[in-house]
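Please read the structure below before turning to the comments.
The values are calculated or read from the model by the stated rules, or taken from the named source; none is laboratory data. Predicted, not measured: the structure shown is a model, and the values here were computed from it. No Cβ is skipped: glycine too gets one built from the backbone with ideal geometry, and neighbour counts run over all protein chains shown. Protein only, heavy atoms only, side chains kept; ligands, DNA and RNA dropped before computing areas. Shrake-Rupley method; radii C 1.70, N 1.55, O 1.52, S 1.80 Å.
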Amino acid sequence: MTAMPRRTGHSGAAPRRAAIGELLTIGSHELHIRQDGPADAEPLLLVHGFMESLHWWDRLTPLLSDTYRIIRVDLAGYGCTRIGSGYDASSQAALLEAALDRLELSDLTAVGHSWGADHVLSLAERSDRVARIVVIGQAPDCSDLPIPAIARLLGFGAMDPIVAMAHRLVPQPIFRRIIAHAFAEGFDLTTLDDPQQLYADYKAMSPRMFRTAALDRPKALARRPLDARVRELARPTLVIHGQQDRMFDCARAVARYAAAGARTEVVPNAGHSPQVETPHQVAALIRDFCGGPQRMTVSIPEGNFEL
C-alpha cells in the first residue's frame with residue numbers, strides 16, 4: 001500500500017484534481033481508487049457524497065490505516081473518475097461491486113457519507129462481500145432537505161447547457177457560502193490541509209449530477225427510504241450523525257434508524273460531515289463497531305471552530 005501524502009494549500013483561480021491513487025479499469029471505465037494501510041488487513045470502503053471526492057476522507061484515513069486496509073474511490077462523475085453516465089445509486093453500486101470483485105475483497109465494512117450512504121446500501125443489496133455498513137450524516141430520505149423550487153427546472157433536458165454554464169462560472173466565495181451548510185456553524189474551512197479542496201471537488205463534478213441529486217434522488221428515497229432498506233438488509237449497521245447538522249434533523253434521523261435496528265451515535269460538536277469536522281471521534285466509533293483495536297492517540301479537542 002502507498003502512504004497518504006500530506007497535501008498543502010495552493011493559490012490560483014482554477015484548482016484541479018490530480019490522481020493520488022490508481023485508475024482501475026472496470027469494463028470500458030476507469031475508476032479512480034486509492035488504497036492505504038496493510039494489504040492483508042480488514043478492508044474499509046469509504047464512499048463520498050454529493051459535490052465531494054475521495055479527499056473528503058483525507059482526515060479520517062490516517063486515523064484508521066494503521067490497522068485497516070482503506071479503499072477510497074471517486075464515484076462516477078466525480079474527482080478523477082471520468083464516466084459520462086450511470087450516476088444513480090444503482091449504477092454507482094454496480095461500479096463499486098465490480099471493483100470489489102477485481103480486488104477480491106470480503107468481510108468488508110462499507111462507509112458512506114451523505115449521498116454515499118445510498119450507494120453503500122445499494123452495494124450491500126448487490127454483494128455479500130459487504131458484511132457491515134456505516135452511514136454518516138444522512139437521513140433516511142430527503143423530507144428534511146430544503147430543495148429550491150428552481151431545482152424542478154433541472155428535469156428538462158433543455159436546461160442542461162444553462163446548468164453546465166452555472167456550474168462552470170460559480171465563483172469560489174459563493175460556493176464557500178453554500179458548502180458551509182455541510183458543516184456545523186462556525187467550522188473553519190481554512191483548517192483543511194488544502195483550503196481549496198472543497199471547491200476543486202465541486203468543479204471536478206459533472207454538472208449532470210445536479211439533476212440526479214435534486215430530482216431523481218428525492219423520488220427514489222421517497223419510494224424506498226434508507227431506514228427501510230437497513231431493516232430489510234438486517235446486516236450490522238452503524239449510523240453516525242452530527243448533532244449540529246444543518247441539512248437534516250439529527251434527532252428524527254437517528255430515531256428512524258434506531259427503530260430499523262441500527263446502532264446510532266450522535267457527535268455533539270459536528271454538523272453534516274463528522275468525518276471532516278471530528279475525525280478522531282468518528283475513527284473511534286468505527287473501530288468500536290468493527291471490533292478492531294482502539295488506536296492510542298493524544299486527545300485533541302475537536303469543534304469550537306470560528307469563521
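Just the accessible area for residue 165, please: 1.4 Å probe, Å², rounded to the nearest 10?
Around 100 Å² of this residue is reachable by solvent.
Let me know the charge dipole size of the chain about its Cα centre in debye, to the nearest 20, where only the beta-carbon of Lys, Arg (+1) and Asp, Glu (-1) is charged.
Dipole magnitude for the chain comes out near 660 debye.
Please say if segment 17-127 is rounded, prolate or oblate, where rounded means a/c under 1.5 for a ≥ b ≥ c the square roots of the C-alpha gyration tensor eigenvalues, and otherwise the choice is prolate for a/b larger than b/c and oblate otherwise? List each step's numbers first, then the result.
Details: a/c = 1.38, a/b = 1.25, b/c = 1.11.
Rounded, because the longest to shortest axis ratio a/c is under 1.5.
Given an 8 Å cut-off on Cα distances and at least 6 residues of separation, report the relative contact order of the chain as a percent. Write down the numbers at each step before the final one.
On the way: 581 pairs, mean separation 62.1, N = 307.
For the chain, the relative contact order is 20 percent.
If you compute Rg and Dmax of the Cα atoms in Å for the structure shown, which of [x] 18.0, 55; [y] 18.9, 53; [z] 22.6, 78 do you land on?
Evaluating Rg and Dmax of the Cα atoms in Å on these atoms matches [x].
Under DSSP H, which helices of the chain have Cα atoms covering 30 Å or more of the helix axis and a Kyte-Doolittle average no less than -0.5?
Details: long enough: none.
TM-like helix candidates: nothing returned.
Taking only protein heavy atoms into account and a 1.4 Å probe, give the accessible area per residue of the chain in Å².
Values: 13340 Å² over 307 residues.
Dividing the accessible area of the chain by its residue count gives 43 Å².
Residue 29: accessible area at probe 1.4 Å, nearest 10 Å²?
Approximately 70 Å² of residue 29 is accessible to the 1.4 Å probe.
Could you work out what % of the accessible surface of the chain is carbon and sulfur, using a 1.4 angstrom probe and leaving DNA, RNA and ligands out of the count?
Numbers: 7320 of 13340 Å².
Of the solvent-accessible surface of the chain, carbon and sulfur hold 55 percent.
Working with all protein chains in place, sort 193, 141 by solvent-accessible area computed with a 1.4 Å probe, largest first. Display every interim value, and only then the final one.
Numbers: 193 70, 141 25 Å².
Per-residue accessible area, sorted high to low, gives 193, 141.
What is the antiparallel percent of DSSP beta bridges lying wholly in the chain, to the nearest 5? Present the calculation step by step, with values, prior to reporting the outcome.
Details: 9 of 34 bridges.
Around 25 percent of the beta bridges assigned by DSSP in the chain are antiparallel ones.
In sequence order, what are the phi-derived ³J(HN,Hα) couplings for segment 17-31 according to the Karplus relation 6.51 cos²θ - 1.76 cosθ + 1.60 with θ = phi - 60°, rounded to whole Hz, with x for glycine and proline?
9, 10, 5, 10, x, 10, 9, 8, 6, 10, x, 9, 10, 10, 9
Taking the chain as a Gaussian network, Cα atoms linked when under 10 Å apart, which of 218, 236, 173 shows the biggest mean-square fluctuation?
Ranking 218, 236, 173 by mean-square fluctuation puts 173 first.
Would you rank 208, 72, 217, 177 by solvent-accessible area, highest first, keeping every protein chain in place and using a 1.4 Å probe? Provide the component values of the computation, followed by the final result.
Working: 208 135, 72 0, 217 25, 177 185 Å².
Largest to smallest exposure gives the sequence 177, 208, 217, 72.
Hey, in the GNM for the chain with a 10 angstrom Cα cutoff, which one of 84, 49, 271 fluctuates hardest?
In this elastic network of the chain, the residue with the biggest mean-square fluctuation among 84, 49, 271 is 84.
What does the highest-first list of 178-188, 122-132 look like by mean Cβ count within 10 Å?
122-132, 178-188
Amide H neighbours of residue 264 under 5 Å, at least 5 residues apart or on other chains, H built in the peptide plane: list them.
239
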